[in-house]
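What follows is a set of notes on a single structure, which appears directly below.
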Amino acid sequence: MRKLALAIIAVAIPYQATADDIDMTGMYRLVSEQRKIVDTGEIVAGSGSQGFISYDKSGRMLVVLTRSPRPKPENLDKMTDQDRLGLFRTMTAYSGTYKFDGRTVEHSIDISWNEYWTGTKQVRTVERDGDRITLTTPPFPFHTDGRMSVNMLVWERVK
């Protein structure tokens with residue numbers, strides 16, 4: 001009975017983030033990504049994206065991602081609008097402020113590669129494993145097929 005009472009008390013106490021939970025500062029390199037289709041549970045591997053995400057002590061963040069295959073124009077002088085479109089479609093970049101409570105991070109975007117995101121808040125659940133963090137999106141309709149999906153990006157602290 002005593003163990004049951006302790007278990008009930010432990011569950012009833014709200015989660016309090018520790019100092020280690022709150023500290024996300026640093027530069028991280030993208031090590032893997034995958035997409036999970038909500039309806040089926042199917043996992044779709046990423047395409048070899050590269051990127052960095054940075055969190056600083058002042059509460060600012062910055063992320064730059066490029067997705068493969070990424071077009072490579074012949075040269076800068078001969079770059080076409082089609083080349084520019086291909087480059088735009090294979091990247092994500094934004095910056096803003098962040099809040100981290102130990103479980104979720106909220107990015108408040110004040111500048112981005114896509115003005116649709118500027119002024120928005122992007123919330124991700126966070127799982128930590130040593131120097132790695134996994135940021136997971138809430139379900140959303142995926143841009144290529146409209147299927148409700150969750151993206152999971154694994155980042156590793158750059159030392």
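The values are calculated or read from the model by the stated rules, or taken from the named source; none is laboratory data. Please read these numbers as outputs of a predicted model, since none were measured by experiment. Cβ sites come from the backbone with ideal geometry, for glycine too, and all protein chains shown count toward neighbours.
Considering G46, G86, G51, which residue is at pLDDT 95 or above and surrounded by 14 or more Cβ atoms within 10 Å (Cβ to Cβ)?
Numbers: G46 fails: at pLDDT 95 or above; G86 fails: at pLDDT 95 or above.
Of G46, G86, G51, the one residue that is at pLDDT 95 or above and surrounded by 14 or more Cβ atoms within 10 Å (Cβ to Cβ) is G51.
When you go through R124, R157, R147 one by one, which is the residue that is over 15 Å from the mean Cα position of the chain (by Cα) and surrounded by 14 or more Cβ atoms within 10 Å (Cβ to Cβ)? Explain how you work it out, then say what you get.
Values: R124 fails: over 15 Å from the mean Cα position of the chain (by Cα); R157 fails: over 15 Å from the mean Cα position of the chain (by Cα).
On inspection, the qualifying residue turns out to be R147.
Scan region 75-85 and tell me whether some residue there is over 16 Å from G26 (Cα atoms) and either within 13 Å of the chain's Cα centre (by Cα) or touching a residue at least 12 places away in the same chain (Cβ under 8 Å) (or both). Explain how you work it out, then say what you get.
First, the residues of region 75-85 that are over 16 Å from G26 (Cα atoms): 75-85.
From what is left, the residues that are either within 13 Å of the chain's Cα centre (by Cα) or touching a residue at least 12 places away in the same chain (Cβ under 8 Å) (or both) are 83.
Checking region 75-85: at least one residue is over 16 Å from G26 (Cα atoms) and either within 13 Å of the chain's Cα centre (by Cα) or touching a residue at least 12 places away in the same chain (Cβ under 8 Å) (or both).
Got a sec? Which of G96, G119 is out of contact with any Gly (no Cβ under 8 Å at 6 or more places or on another chain), buried (at least 16 other Cβ atoms within 10 Å of the Cβ) and over 16 Å from N151 (Cβ atoms)?
Values: G119 fails: buried (at least 16 other Cβ atoms within 10 Å of the Cβ).
So the residue among G96, G119 that is out of contact with any Gly (no Cβ under 8 Å at 6 or more places or on another chain), buried (at least 16 other Cβ atoms within 10 Å of the Cβ) and over 16 Å from N151 (Cβ atoms) is G96.
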